[in-house]
Amino acid sequence: MANQNILLNFDRNGANHTLENYLKRKGYSTLSEKIPNMKPEQVLDEVKKSGIRGRGGAGFPAGIKWSFLPKDSDKPVYLICNGDEGEPGTFKDRVILEENPHMLIEGMILAAYAINAKHCYIYIRGEYGFALQRVQQAVDEAYRAGYLGKKLTGANYSCDITVHKGAGAYVVGDETGLMNSIEGKKGQTRNKPPFPAVEGLYQCPTIINNVETLASVPWIIDHGGAAYHSIGTEKSSGTKLLSISGHVRKPGVYEVDLGYPFMDFLNKDCGGVIGNRKLKAVIPGGSSTPVLRPEDCEKITIDYESIAEAGSSLGSGAILIIAEGSCMVKTLEVLTHFYHHESCGQCTPCREGTGWLHKIVKRIEAGQGKMEDLDLLTSITKHIAFHTICPLGDAACGPVDSFVKKFKDEFIEHIKTGGCPFGGKFVRFQERV
Amino acid sequence: MSASPSPYLTQESEYNLSEDVVTKITEMAASFPEKNSALIPALHLIQDQFGWVPPPTIKQLAQLLKTTPNKIYGVLTFYTMFNLKPVGKYHIQICRNVSCSLLGAKHIIDYLTKKLHIQVGETTADGKFTLTLVECLGACGMAPVMMINDKYYENLDEKKVDQILKTLK
Amino acid sequence: MTSNNTVSIRIDNHPFTVEKGLTILKAAEQNNIYIPTLCAHKELTPYGGCRMCLVEVEGARRFLTACTTPVEDGMVIRTHTDQIQKERREIMELILSEHTSSCLICEESELCRQYMPTIRKAGVTTGCRYCPNDDKCELEKVVSWLEIKDINHPVYYRGLSVEKYDPFYDRDYNLCIYCGRCVRVCQEVRLANVLAFTQRGRSTVIGPAFGRSHLESGCEFCGACVSVCPTGALAEKSNKWNGVAEAEIQTTCALCGVGCQLQVLIRNDKAVATIPVDDEFVNHGQLCVKGRFCVNELVNHHQRITKASKYQDGNRLQIPIEDAIAIAAEQLKNCPPEDFAMVISPNCSNEDLFIAQKFVRTVMNSHHIDSSARLFYGNGFNDYLDLMKRTTALSEIGQSDVILCLGLDMRFGRSVVGVQIRKAIARGAKIITIHPNDHSLALNAELWIRPHTTEILDSISQLSNALLEKHEPITSRLAQAADLLNAAKNPLILMGGEFLPYSNSAEIMQQTLRIAETIGSAIVPLPAQNNLHGSLLMGAYPELLPGGIFSDEPDNRKKISDIWGMTIQDFTTDWNLNKIFTGKKLKVVYLVGELPPIDEPIGDFVIYQNIYPPEHGAPPNLILPAAAFTEIDGTFINGAGRVQRVQRTAPPPGDAQPDWQLLCQIARKMGATGFDYKNHQQIQQEIARFIERFKKFDRKPVVLPKHIKLQLEPERSSQLSETDGQSFFVLTIFNSEHQYRGIPIADKAEGFKKLIAEDSLLINGSDARKIGVVDGDQVLVSSDLFEKSFPVRLSDNLQSGSVQIIQQRFQPFNPNPHPVKIRRKDV
């Protein structure tokens, strides 16, 4: 089964970020050819039909999200592209931002048309200096060519895009945190309701989508929602960008049709585990998704349902491969440190709880844990998960619960032997492809 | 008629925002539906000018955006990218998150601390390098990775680090 | 039944119909169902941080926070199922793991409670070292409601040092639970933005930028943060160990002309603290530092006069109050009208002022009554009164689109007006501020026009001319200001205290009036005295009779005589308070809450009636103990003309009595009739015969009659001196406006001294470096007319080249400002 190239429809080694290159790939043709004959509702309809689910991690159908906008509001509508790619293990949006920014811009113009937004923001995490530069260049090019601005080339509406540079905070990846950040505030999440579609940026109706989601829109409108829906599985339609990293021979960003068998992807496309080691664990959708053991992965296909069935989540499509010989407690220590570091401090359970999670995992790794600590860990996660405003609290718990559950022996060994069987270090692998 | 230390303005200081930065901030403030939206971009501009965000500039910024230094400071300290004290000419930020850790970030960190004779969080005596640990930089496929100023350096090992440091004059 | 505006919900199996849009928490509260919260507060936007208010909503995937979730029709809510209680307990345990909390869960806490306030015990045993045990700890209440007896987590003590260096309140962030109430009240309600969360996650700290003190960070010390803190993290210094208040009584603040409504907390017959009242006309639930933190110290200070006393051979002897009244009556009886004078404070109530002038006019047959306002406003007084006649309600700020502020700094005094200005800015109003110094409006005004102290009048008249379209060359800022004012639909002018002592203040006020007339705006003059308006209307001036009518018109005198049923003497006089500097020595002078600023005895016999002993000058012959404003019933009229009620919240100490009662007793002793008032209402009924408004209190403003005018001293030189080439600095001298009955607030309220440096030379840091002085040095300030030494206080608010002194005790200084030389006093 050959995977389609919808988003990565270019030679990965060339200079593809320019308008010239994009036009060669029939870029902006959807805007100039299809849109003049389509009403906004029709565009929205096609996106609904495509069944595309939000690619940022939550997997909520984009078309349905767009239809939440109030019909009777006289406030301006905003569209935001969420390019605050911060989930550890994820680096797929960066490829679009750096190498295919015009496809994103065209997608945003189409989405803006569908939801009647006149002003769009692209929020890119501050660390992505190169991506910011590329996107700004592309936006400037698009303005010069008349694809952005007052009256768009080939279409009778106007659309502006402002590129916004983030400043380093994982929680800003959450929708309302990101809006606060654009408004110049701390990137803390807002209480919901009101939901962003009703009261978002500047208290106006706002739609916020991930980079990959918006970049898929030109293809969907060009080929029709049905065509997109025919790719992938019934509930997981289309292609998905996967960023695979860790102990894998050919790490990187791949585009696959959803429903693609996981083991094929790992062994055929990505060259298998590094150093011919045995697979020890897989985190399938970014650091917040529960870890899987190799036996959980045998049968899974890469789509929302199959991975959910296996007890985890496709998330942002960031696959982390962990090879035999790595310490799972140490790995969890790194992850809990991350969530503790990124907790914004607003909700009690997360502010206090993530600190305790890290502290306890750290002491187990250092050989100073007690058997009760394992129960304490799961009891703390029970009180964090689902009890915070934003999903960071939940995210911090996914790995803790699953690591403790699936690799309990290793935790017990740490506690019983009073030390790390792996010497407190990660194994070094020399072989890379 | 107030006699307490002035909270409102700065008198002369060695950290004055350049005219260019002031113009840009003023323009940005006017371009957003709310002035305050220019805050984070403005802090980036200030950091570009000085390499960090010096306290006196916060007061100047507060006046441009009609807010208070205290409120700006809250935002400033929330985000990790803003430097609250001067950093070296080259600010080395090494990812310590999971993919990089799995592939030897710790070795690179240890190697750099030994080579530069500084601990994490410190700046070399000649003011050339500052070493900081950061969370995921979004370059996991090329782990381990570090960022020097705003440029990424990927697939690091000792040899590569040596080569990179050599090019930084 | 649900209508368009209501929804039907079930809470804990009981059906309720509640208003649409309410949060679950509010709906529950309205129906007396308790849901614990720590971060929610009725004045603040929901935060959702503490997670105590989690409730179960049928159909929801997770527990929802009651404080943020609006009710929906058909919602089924359960507020304390076993599972929720368990979650709450666990979350509370997480909170307690960071709150030094042993006293909250200690087995012996009940027993211990009665000993807790002893400082030694608190320091040794209880976790909360600074726990005032004042029954305000909400954490304690929720912990006991949840019946938490033990916590699973080890306690993590943050080890932060307690912040005690700022005035008025201590901060112990080891007790902070990050509910964010203080930050929200500072940002949302006060719009002051002094407090912010800095850092994030568990490293979060609350406070101003760069770890500076509140004093350095623009804090107004309004105390709003202290009021909302649910733990002992923020505690008021002066009220910390006072325990739980027994009663609360509302009254009007007497510490400036804004006239805020105060709730006075009472314990053991003492006013122990003051908190704001959510009053719709004046202060809308806000107070300034004076109203919030200075009142209790001001009225309870140990130096209060509690007994009458007389001076005999240089010794002060305590005497019974009856004897003192007899002595006073005796002295007054033998005093001819022209040899008598009374000076009464404009801080007194209308009832006091009315009785005082009635006493002077009917018992003493004199018109010699005056107030220190005459000195305070100097020869600009009449022009200032002209502004007062154009006054409007403070709430007009809420409707204005362009507000011109002249010499107005609202950081400490009048900060409640500052809040309203910031609210106006938030809603889009534009502020133009003219002020020579850095001040509270500098950061958020649209335009800050900053003339040098010698060029204030020039700036204001240029602005006035520009508005009249006289084409003169002006600065671009003034032109911008003129454009803004011209385009304004609803302009307003606020006059602060900065320009009042200037020699050319009369012209400044006239130009301001001209601006107001040109653009058709009202003026809010914000006087410093709480009852200036009342002192004029009650007739506490030689020129004015009750109702503010002139005393030298026979018809007026007849009218008053008829009402009183006794004859007011024809009595022509040119006496006023200014005469104490030049005039002859009088026989008897009666001082009510005043102390004239001279050292020589002003009369052969001086009666001093006040709340504190005199601080300077020759000792009086007789001292009568008066009641403070928290101890009297009556009324004040605020700067906007609003008649407001003053209520007795605590008894006066010792023999002290309200001024009017002392006066009536003396009058009766002297055999006068018409002084048999049983209470303040009877006086009000009599006032109502002169002033309609006193018939019924509805707090509607009473307007100052247009004709009111005082006879002022012959015009002083209004020319400001030019720099003579040798003097480096221009000195402006202010009269302290932070006084009550002639007592500097800074003398009695410890913290206030740190805020405002009085009787010091204020100089900007770079100027100080130039002349080689540092904070605290003594300098000699001299000019042709003036030579005196002062301690130096640095203030970067000032422009380079200008210095100022805020004098606690009035001394003429003319021209003001004028050039001076400053040199360091040799050690």
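The values are calculated or read from the model by the stated rules, or taken from the named source; none is laboratory data. Note that the coordinates shown come from a computational prediction; the quantities given were computed from them, not determined experimentally. When we count neighbours, we look across all protein chains shown, and the Cβ atoms used for this are built from the backbone with ideal geometry, even at glycine.
Residue B:87 fulfils the conditions (1) within 12 Å of chain C (Cβ to nearest Cβ); (2) in a loop (DSSP other than H, G, I, E, B); (3) not acidic (Asp, Glu) except for a single criterion, (1). Only a single item in (1) outside any loop (DSSP other than H, G, I, E, B); (2) modelled with pLDDT under 95 is not met by residue A:59, and it is number (1).
Taken over region C:189-216, the criterion of being at the interface with chain B (Cβ under 7 Å from one of its Cβ atoms), assigned to a helix (DSSP H, G or I) and surrounded by fewer than 24 Cβ atoms within 10 Å (Cβ to Cβ) is satisfied by C:210, C:215, C:216.
The selection criterion, being part of a helix (DSSP H, G or I), farther than 30 Å from residue C:206 by Cα, in contact (Cβ under 8 Å) with a residue 24 or more places away in the chain and within 14 Å of chain C (Cβ to nearest Cβ), does not hold for residue A:394. Taken together, the residues in region C:786-827 that are part of a loop (DSSP other than H, G, I, E, B) and within 19 Å of residue C:453 (Cα to Cα) amount to 13. Just one of the listed residues (B:9, B:17) is among the aliphatic types (A, V, I, L, M), over 22 Å from residue C:220 (Cβ atoms) and either in a loop (DSSP other than H, G, I, E, B) or modelled with pLDDT under 95 (or both), and it is B:17.
Residue C:776 fulfils the conditions (1) surrounded by 20 or more Cβ atoms within 10 Å (Cβ to Cβ); (2) under 28 Å from residue C:303 (Cα atoms) except for a single criterion, (1). Of all the criteria given as (1) buried (at least 22 other Cβ atoms within 10 Å of the Cβ); (2) farther than 27 Å from residue C:574 by Cα, the one not satisfied by residue C:692 is (1).
Give the residues of region A:316-354 that are on the phi > 0 side of the Ramachandran plot, away from chain C (no Cβ under 14 Å) and in contact with a Ser or Thr (Cβ under 9 Å, 6 or more places away or on another chain), sorted by residue number.
Scanning region A:316-354 gives a single hit, A:317.
Among the residues of region A:355-391, the one identified as in contact with a Lys or Arg (Cβ under 8 Å, 6 or more places away or on another chain), part of a helix (DSSP H, G or I) and either at the interface with chain C (Cβ under 10 Å from one of its Cβ atoms) or within 14 Å of residue C:91 (Cβ to Cβ) (or both) is A:355.
Every residue, every condition in (1) in contact with a helix residue (DSSP H, G or I) (Cβ under 8 Å, 6 or more places away or on another chain); (2) part of a loop (DSSP other than H, G, I, E, B), yes or no:
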| residue | (1), (2) |
| --- | --- |
| C:556 | no, no |
| C:568 | yes, yes |
| C:574 | no, yes |
| C:589 | no, no |
| C:596 | yes, yes |
| C:607 | yes, no |
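Quick check on my filter: what residues within region C:35-74 are among the small types (Gly, Ala, Ser) and either within 11 Å of chain A (Cβ to nearest Cβ) or crowded, with 20+ Cβ neighbours inside 10 Å (or both)? Passing the criteria: C:40, C:48, C:49, C:60, C:66. Of A:184, A:126, A:168, A:200, all but one fail to be among the small types (Gly, Ala, Ser), more than 29 Å from residue A:29 (Cα to Cα) and out of contact with any helix residue (DSSP H, G or I) (no Cβ under 8 Å at 6 or more places or on another chain); the exception is A:168.
Beta carbons closer than 7 Å, at least 6 apart along the sequence or on distinct chains, pair a first residue in region A:244-260 that is farther than 18 Å from residue A:281 by Cα with a second that is among the basic types (Lys, Arg) and not in a loop (DSSP other than H, G, I, E, B) for A:253/A:92; A:256/A:240; A:258/A:240. Restricting attention to region A:62-106, the residues being part of a helix (DSSP H, G or I), within 14 Å of another protein chain (Cβ to nearest Cβ) and crowded, with 24+ Cβ neighbours inside 10 Å number 5. Going residue by residue through region C:582-595, is there one that turns out to be among the acidic types (Asp, Glu) and under 25 Å from residue C:642 (Cβ atoms)? For region C:582-595, residues among the acidic types (Asp, Glu) and under 25 Å from residue C:642 (Cβ atoms): present. When the residues of region A:108-138 are filtered to those that are within 14 Å of chain B (Cβ to nearest Cβ) and in a helix (DSSP H, G or I), the one that is nearest to residue B:82 (Cα to Cα) is A:129.
The set of residues in region C:302-361 being surrounded by fewer than 21 Cβ atoms within 10 Å (Cβ to Cβ), of a type in the set (Ser, Thr, Tyr) and within 31 Å of the chain's Cα centre (by Cα) consists of C:306 alone. Could you list, in sequence order, the residues of region A:19-50 that are in contact with a helix residue (DSSP H, G or I) (Cβ under 7 Å, 6 or more places away or on another chain) and not in a helix (DSSP H, G or I)? Within region A:19-50, A:27, A:28 qualify.
Could you list, in sequence order, the residues of region A:53-109 that are more than 18 Å from residue A:207 (Cα to Cα) and more than 18 Å from the chain's Cα centre (by Cα)? Hit for region A:53-109 is A:102, nothing else. For region A:200-220, taking the residues that are hydrophobic (A, V, I, L, M, F, W, C) and in a helix (DSSP H, G or I), the one that is surrounded by the fewest Cβ atoms within 10 Å (Cβ to Cβ) is identified as A:219. For region B:98-132, taking the residues that are in contact with a Gly (Cβ under 8 Å, 6 or more places away or on another chain) and among the hydrophobic types (A, V, I, L, M, F, W, C), the one that is farthest from the other protein chains (Cβ to nearest Cβ) is identified as B:129.
Within region C:568-585, the set of residues being touching a His at 6+ places or on another chain (Cβ under 7 Å) and at pLDDT below 80 comprises C:571, C:573.
Of the residues C:182, C:186, C:219, the single one that is without any contact (Cβ under 8 Å) to a residue 60 or more places away in the chain, assigned to a loop (DSSP other than H, G, I, E, B) and under 24 Å from the mean Cα position of the chain (by Cα) is C:219.
Need the failing condition index for residue A:192 against (1) at pLDDT 95 or above; (2) facing another protein chain (nearest Cβ under 10 Å); (3) in contact with a Ser or Thr (Cβ under 8 Å, 6 or more places away or on another chain); (4) farther than 30 Å from residue B:152 by Cβ, just the number. Of (1) at pLDDT 95 or above; (2) facing another protein chain (nearest Cβ under 10 Å); (3) in contact with a Ser or Thr (Cβ under 8 Å, 6 or more places away or on another chain); (4) farther than 30 Å from residue B:152 by Cβ, only one is false for residue A:192: (1). Among all positions in region A:247-254, there is no residue which is assigned by TED's automatic domain parsing to the domain that holds residue A:90 and assigned to a strand (DSSP E or B). Number of residues in region C:767-808 that are among the acidic types (Asp, Glu) and away from chain B (no Cβ under 14 Å) equals 3.
Restricting attention to region A:241-277, and to residues there that are touching an Asp or Glu at 6+ places or on another chain (Cβ under 7 Å) and not aromatic (Phe, Trp, Tyr), which single residue is nearest to the other protein chains (Cβ to nearest Cβ)? Result: A:274.
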